[in-house]
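Here the structure is laid out as structure tokens; the discussion comes afterwards.
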Amino acid sequence: MILVRSLAGKPWVWSFLGALVVWLATIAFTGGYGAGGMVTAALSLAVFTVIVGVGQMFVITLGPGNVDLSLPANIGLASAVAMKVMAGSDSMIVVGLLAALACGAAIGAVNYLLIWALRIPPIIATLSASFIIQSIDISYGRGLQIKPPPGFADFTNWQILGIPVLAVLTVLFTIGAAIALQRMIYGRSVLAIGQNIRAAWLAGVNVGRIRFLTYTLSGALGGIDGALLAGYFRGANVDIGNEYLLASIAVVVIGGTSVAGGKANVPGVWGAALFLVLLLTMLNTFGVSAGVRLLLTGLIIVGVITAAGGEKAVR
Amino acid sequence: MRPEMTAASLDATTRSSAERGALARARLLRGLLPALSLALVLLAIAWLNPRAISYFGFSLMLNLAIPIALATIAQMFVISGNELDLSIGTFVGFVGCVTATWLKDAPLIGVAILVGSIGVYALLGALIRLRNLPSIVVTLGMSFVWQGLAILVLPKPGGKAPDWLLAIMSFKPPFVPFPIIAALLIGLIVHFGLMRTSYGVILRGSGGNAAALKRAGWSLLKTKIVLFALAGVFGVLSGMALIGITTSADANIGNGYTLLSIAGVILGGGEFVGGRVSPIGAVIGALTLALAASPLLTFMHIPPDWQVAANGAILIIVLAARVLISRRER
């Protein structure tokens, strides 16, 4: 009983519960057919949302107005960079991954440079940056069918006993992120800035450096995500990251992180990502049309947000 | 706290007149920035292709300026209340699809759908206020709802604009091209409503200092509903204007408008927080974007790949200029 009560108090429980309900509804519809395969597919797809979701979570935790809208463009460009550097050869996989990481980190750093130098809201800075990145991507990756090396494609699709290896690695990564958030000076500083930027500054937190690191981290995660996506879907393209704008913000909020900043939740990102992926699978299984699928996805997101409610204004 | 305040007020009163003059000049410059950027884009076009500066040239180049300006005004209302609407683009697309189908075939049902969608916007405002929800997430979710509805209304590109709408949008007044007159009208009407009426002040105040407004006895729920309903009204007008120009619709027709409208508000001197917006500036910002997005780049022989980047670059340049001016304000 105490366990149930302490669990119910954790905001991330609800996202896992939602994922479970959606999964049960789907296998009830199929009569139990494909229940395991659905979990495997959901885990492999959720990975990509979790990686960018964690980056977005750190950014959003910095406080009101902080959000990275350049992630979709970033993912698109990094996927092209990674595939070009790898050039279809297995020996270049690590170099390609590093290139994608560097490309993403550079985009994140430029984002913060714009925010800092022009003193503009992060929304508009990352938005302007994403316009430019998009154009670079279109002109850089045009007319080329960029395929991943076979070894990399196999790695991103690798499963052991139905469990995607990439998902296991991502779980390890999220555990690391949770430790960084709750137990390391960097994470505590991010939380402090989100709660009260002035108090954090007065307490000696190097606000500029922490914000710079956070945007760079978000960019770098977007970059690595782009490379992995290109491997998983066996090819890079400009639109590969498009759905991750909504997804990255939605998993952060559904997962129990406060949009007002200063309160973050890493396990919730996993729960929310699984929920979103399973939701799409469920709607596909029910055989609804594209229009109805979009409509329901939107309504459910708005519904979940409404049910979860916002924070009471502290000020 | 108190000594600081007296120091500040002392400082303000002892400011020399020369300083005050410089301050006023910086403010004026800042206010003129949107117009200056538009003038700059126009000059560049005139220099690159003098023939474009004509009645016909402007009608052609500013073709899509009316829907962009209307969508920008819609976004501006939402931003005045310190919120952001990430669904305006797909909403414009949805309205377009309804305009090209129901509004032509069964005008009464069409009007009912459009009025109902404005009601949905008003409800969103109420929901965001009552449950204290982040507007970014709610409207991001709604963008899927509108897109889904648009696809349901019009699964394949097509439909046809009602004849009366086509007639309005192809109106050719003497001397001044229609898009310019329309833009002026939109800017002036909204300017009067939001900047010159007492309820307009309350609406902007809800973004400036919500707590103070609440203490003064105004309903923040009502201001939020009104702002979102106005955004819905202008979103509907934008979608209809767009279909009046393109003559047929497509579920994805408005997708680019979300970013264009935000960029237009910011270019026009609006701020994200604090209820500091400018309707005339927003319309000028929309015109600048409409001109800079394709005509200017075509004349400069810049490949279409880089047109999106140009939008981003213009935003960054204008914001950089604004920072330089604001430094002098201090």
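Here, each number is a calculation from the coordinates, and none is a lab measurement. Just so you know, these numbers come straight off a predicted model, no measurement behind them. Cβ coordinates were reconstructed from backbone atoms using ideal geometry, including for glycine residues, and neighbour counts include every protein chain displayed.
Annotations
- GNM flexibility winner over chain A from A:V288, A:V171, A:V266 (Cα, springs under 10 Å): A:V288
- Mean separation of Cα contacts under 8 Å, 6 or more apart, over the residue count of chain A: relative contact order %: 35
- Residue among A:T30, A:T126, A:T170 with the largest mean-square fluctuation in a Gaussian network model of chain A, springs linking Cα atoms under 10 Å: A:T30
- Pairwise FRET efficiency - B:R215 versus A:Q182, Cβ, R0 = 56 Å, nearest 0.05: 0.90
- Less than 5 angstrom separates the built amide H of B:G270 from those of B:S278, all sequence-distant by 5 or more or on a different chain.
- Within chain B, the proportion of C-alpha pairs whose separation exceeds 25 Å stands at 55%.
- Binned Cα-Cα distances of the range A:140-217, short to long, each 5 Å bin given as a whole percent: 3, 13, 14, 13, 10, 10, 11, 11, 8, 5, 1
- Annotation: for a label point projected 7 angstrom from Cα along Cα→Cβ of B:W47, residues of the range B:278-304 with backbone N closer than 15 Å are B:296-297, B:299-301.
- Computed over chain A with a Gaussian network model linking Cα atoms closer than 10 Å, the most mobile of A:M38, A:M92, A:M184 is A:M184.
- Compared with the alpha-carbon gap, the fully stretched path from A:V94 to A:N196 is longer by 32.7 nm at 0.36 nm per residue.
- Here A:W14, A:W201 are placed in order of increasing Cβ neighbour count within 10 Å, fewest first, which gives A:W201, A:W14.
- Per-residue Cβ neighbour rank within 10 angstrom, fewest leading, A:Y215, B:Y121: B:Y121, A:Y215
- Mean Cα-pair separation over length for the range B:32-329, i.e. relative contact order, pairs under 8 Å, 6 or more apart, %: 37
- Relative contact order of the range B:255-330, defined on C-alpha pairs under 8 angstrom at six or more residues apart (%): 23
- Coupling constants for the range B:69-83 follow from the phi torsions by the Karplus curve (6.51 cos²θ - 1.76 cosθ + 1.60, θ = phi - 60°), and in residue order they are 5, 5, 5, 5, 5, 4, 4, 4, 4, 5, 5, 4, x, 6, 10 Hz; glycine and proline get x.
- Each residue of the range A:214-224 is assigned a 3J(HN,Hα), and the resulting list reads 5, 5, 5, 4, 4, x, 4, 5, x, x, 5 Hz, derived from the Karplus form 6.51 cos²θ - 1.76 cosθ + 1.60 (θ = phi - 60°), x at Gly and Pro.
- Residue-averaged beta-carbon neighbours from other chains (10 angstrom radius) around A:109-121: 3
- Cα convex hull of chain A, projected area averaged across orientations, nm²: 17.8
- Shown here is the pair-distance distribution of the protein assembly as shown: with all Cα-Cα distances grouped in 20 Å bins from zero up to the longest one, the shares run 18, 53, 27, 3, 0 percent.
- Backbone phi angles across the range B:22-37, fed through the Karplus curve with coefficients 6.51, -1.76 and 1.60 (θ = phi - 60°), yield HN-Hα couplings of 4, 4, 5, 4, 4, 5, 4, 4, 5, x, 8, 3, x, 5, 4, 5 Hz in residue order; Gly and Pro are listed as x.
- Label zone (B:N252, point 7 Å along Cα-to-C-beta; backbone nitrogen cut-off 11 Å) within the range A:258-292: none.
- Sorted fewest first by neighbouring Cβ atoms within 10 angstrom, B:F272, B:F94, A:F152 come out as B:F272, A:F152, B:F94.
- Using the Cβ-Cβ distance between B:K172 and A:L161 with R0 = 56 Å, the FRET efficiency computed as 1/(1 + (r/R0)^6) comes to roughly 0.20.
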